[in-house]
Amino acid sequence: MKLLRDTWLLFSWSINRTLRSPVWAIIGLFQPLCYLFLFGPLLQPLSRVPGFPPGGAATVFTPGVMVMMGVFGTVFSGFGLLTELRSGFIERLRITPLSRLALPLGRTSPCY
Amino acid sequence: MHVDLPGLALVLGLLILLGLCLSSCGYGLALALKDENALSSMLNTLTLPVFLLSGITLPLSLAPPILRTLGNLNPLAYAVNAARELFPGHIASPAVVEGFLLTGMLALLALLWVTRAFQKATA
């Protein structure tokens, strides 16, 4: 219960910051969309090659783009943490009884 | 292109697990390195081979044997295979179970690692 409450606290704080400047979410969406629309059609003739998984180029490529969106959207979240480290947020966390497992859980959730 | 809604919901679940795992790895690295330049070069160096060997851009079945073996060692390839099975709706498939189990285990390990890193950083 404490974990859920702590996660919710951090989540609402993170999501308020994200909602204030949604530009980053749009930029994060840009790379997967480029891959989907600029690279995807190039796989059409390749889908006739015998080694290609069944289902057609779009059905094979789109889940890959979704996974890529998950990967590149979340891996670079460490930079936000570094900014907070420098600004002393993490220092201030030392005196709070916040559950330490809530820290990654609460910050990851707004990435979606 | 035939899209299946329960399959899509499960793909989103898989993405959530994957995001938990990878963002925890990102935080763990950030806490260990503490420097933006080092973090940026380290992340780019680590994500590029993982991304290329996972079968996202081109399916690994088209790759030469050595790249296919390396792809089998890459956890992201299992997640991509699971997503590829779930997308048109083949929910009960061994690739899906493998992908979820592996991603779930890695997410748990990564969360434990980063919790310990946060405990050390805020001790």
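The values are calculated or read from the model by the stated rules, or taken from the named source; none is laboratory data. Keep in mind the model is a prediction, meaning the values are calculated, not measured. Backbone-built Cβ (ideal geometry, glycine too); neighbour counts: all protein chains shown. When the accessible area is computed, the model is the full protein with side chains, heavy atoms only, and any ligands, DNA or RNA have been set aside. Shrake-Rupley method; radii C 1.70, N 1.55, O 1.52, S 1.80 Å.
Length gained on full extension, B:VAL50 to B:ALA9, computed as 0.36 nm times the residue gap minus the Cα-Cα distance: 12.3 nm. Rolling a 1.4 Å probe over the protein heavy atoms of chain A, with every protein chain left in place, gives an accessible area that is 71 percent carbon and sulfur. The convex hull of the Cα atoms of the stretch B:1-87, projected and averaged over all directions, covers 6.7 nm². Of the solvent-accessible surface of the stretch B:77-123, computed with a 1.4 Å probe and all protein chains present, 70% belongs to carbon and sulfur. As a length-normalised measure over Cα pairs under 8 Å and 6 or more apart, the relative contact order of chain A settles at 49 percent. Taken over the C-alpha atoms, the stretch B:46-99 has Rg and Dmax values of 11.1, 32 angstrom. The interface between chain A and chain B buries about 4000 Å² of solvent-accessible area in total (1.4 Å probe, ligands and nucleic acids excluded). For the protein assembly as shown, the equivalent ellipsoid derived from the Cα gyration tensor has semi-axes of 34, 18, 17 Å, listed largest first. In this structure, B:ARG68 and B:ASN37 have a Cβ-Cβ separation that, at R0 = 30 Å, corresponds to a calculated FRET efficiency of about 0.30. Compactness check for chain A: Cα Rg over 2.2 N^0.38 Å is 1.45. Across the stretch A:60-73, rounded Karplus estimates of 3J(HN,Hα) from the backbone phi angles (6.51 cos²θ - 1.76 cosθ + 1.60, θ = phi - 60°) give 7, 7, 4, x, x, 5, 5, 5, 4, 4, x, 5, 6, x Hz, Gly and Pro being marked x. When you work out D = kT/(6 pi eta Rh) for the stretch A:51-112 at 4 °C and 1.567 mPa s, using the Kirkwood radius from C-alpha pairs as Rh and the Stokes-Einstein form, the result is 89 µm²/s.
For peptide B:53-62, the mean count of partner chain Cβ atoms within 10 Å of a residue's Cβ comes to 6. Entry comment: accessible area of the protein assembly as shown is 54 Å² per residue, from protein heavy atoms only and a probe of 1.4 Å.
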